[in-house]
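The values are calculated or read from the model by the stated rules, or taken from the named source; none is laboratory data. Worth saying up front: this structure is predicted, and the values here are computed from it rather than measured. Cβ sites come from the backbone with ideal geometry, for glycine too, and all protein chains shown count toward neighbours. Only protein heavy atoms, including side chains, enter the accessible area calculation; ligands, DNA and RNA are left aside. Shrake-Rupley method; radii C 1.70, N 1.55, O 1.52, S 1.80 Å.
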Amino acid sequence: MAKRDVAVLISGSGSNLQALIDAVAADPDHPARIRLVISNKPGVYGLERAAAAGIEAVVIDHKAFPDRAAFDAALQAELEARGIDLVCLAGFMRILTAPFVEAWTGRMLNIHPSILPAFKGARAIDDALAAGVRITGVSVHYVVPEMDAGPIVVQAAVPVLPGDDHDALAKRIHAAEHRIYPAALRWVAAGDVRLADSGRVEHLTDPVAINSVLISPPALG
């Protein structure tokens, strides 16, 4: 089976990018190959992670474009020029236009620090703390035009402990992210998970492995 060429879009330090890089590098038979990293901000640490792994990195500074459509057109041109099959958003802090998202239907994933549909948006961790929930988590989903509303590939639960502040909870959430995003990429790249024409996610093989990621919480430390 031919490997699927992947682009990872970032805006910052790229810890989820590193998790994806490490998972792909650890397995010569991995169905994905990370070909490209794109950042909408110059000078972020994620670009250094890409360079260290020998992955081509491109900066498309959103501030250089008059509107979102122009930025997305430049993004699309870079992806098309390299024959990218799948896109992973990894801390990419841009709202993408509907035409761009629709062009990548079923081929673009995002990770979000809550059990969607709870706590959408950029303040998910703080919103969970403010709500006083005892369980939150992480979700990998297909991207649709509506923010944080796409069909779910996999989720993992993360406990909210007494005395948690943002940093303490974020540490456990990030550990869960780094576990389930590589798993989701593998399943999608291998064709074990796909977005059906109905708009629902189909888990075609290995339901035990998928469920084990879904229900197994990370360590509390």
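Taking region 51-75 on its own, how many of its residues are closer than 15 Å to ALA98 by Cβ and crowded, with 17+ Cβ neighbours inside 10 Å?
3
Determine whether region 127-137 contains at least one residue that is under 14 Å from the mean Cα position of the chain (by Cα), surrounded by fewer than 22 Cβ atoms within 10 Å (Cβ to Cβ) and farther than 25 Å from ALA103 by Cα.
Taking every residue of region 127-137 in turn, none turns out to be under 14 Å from the mean Cα position of the chain (by Cα), surrounded by fewer than 22 Cβ atoms within 10 Å (Cβ to Cβ) and farther than 25 Å from ALA103 by Cα.
Quick one: what pairs do we get from region 191-203, first residue within 19 Å of MET1 (Cα to Cα), second among the hydroxyl-bearing types (Ser, Thr, Tyr) and open to solvent by 30 Å² or more (accessible area, probe 1.4 Å), C-beta under 7 Å, 6+ apart or different chains?
Listed by first residue and then by second, the contacts come to ASP192/THR205.
Take the residues of region 35-50 that are outside any loop (DSSP other than H, G, I, E, B) and either modelled with pLDDT under 95 or open to solvent by 20 Å² or more (accessible area, probe 1.4 Å) (or both): which is nearest to MET1 (Cα to Cα)?
ARG35
Taking VAL143, is it of a type in the set (A, V, I, L, M) and either open to solvent by 10 Å² or more (accessible area, probe 1.4 Å) or out of contact with any strand residue (DSSP E or B) (no Cβ under 7 Å at 6 or more places or on another chain) (or both)?
Here the answer is yes, as VAL143 does meet what is asked.
So which of PHE119, PHE92 is in a loop (DSSP other than H, G, I, E, B) and touching a strand residue (DSSP E or B) at 6+ places or on another chain (Cβ under 6 Å)?
None of the others qualify; the one that does is PHE92.
Name the single residue, out of those in region 1-34 being part of a strand (DSSP E or B) and β-branched (Val, Ile, Thr), that is nearest to ILE60 (Cα to Cα).
Here the residue is ILE10.
Which residues, counting only those in region 2-35, are in contact (Cβ under 8 Å) with a residue 12 or more places away in the chain and among the acidic types (Asp, Glu)?
Across region 2-35, the qualifying residues are ASP5, ASP22.
Out of the residues in region 146-173 meeting the condition of being in a loop (DSSP other than H, G, I, E, B) and touching a His at 6+ places or on another chain (Cβ under 9 Å), tell me which one is surrounded by the most Cβ atoms within 10 Å (Cβ to Cβ).
Ranking the candidates gives GLY150 first.
Name the single residue that is farthest from the chain's Cα centre (by Cα) among those in region 99-120 being in contact (Cβ under 8 Å) with a residue 40 or more places away in the chain and open to solvent by 40 Å² or more (accessible area, probe 1.4 Å).
The selected residue is GLU102.
For region 48-98, what are the residues that are closer than 28 Å to LYS120 by Cα, among the charged types (D, E, K, R) and in contact (Cβ under 8 Å) with a residue 60 or more places away in the chain?
Scanning region 48-98 gives ASP85, ARG94.
Of everything in region 83-97, what is out of contact with any Ser or Thr (no Cβ under 8 Å at 6 or more places or on another chain) and exposed (fewer than 14 other Cβ atoms within 10 Å of the Cβ)? Give them in sequence order.
Residues satisfying the conditions are GLY83, ILE95.
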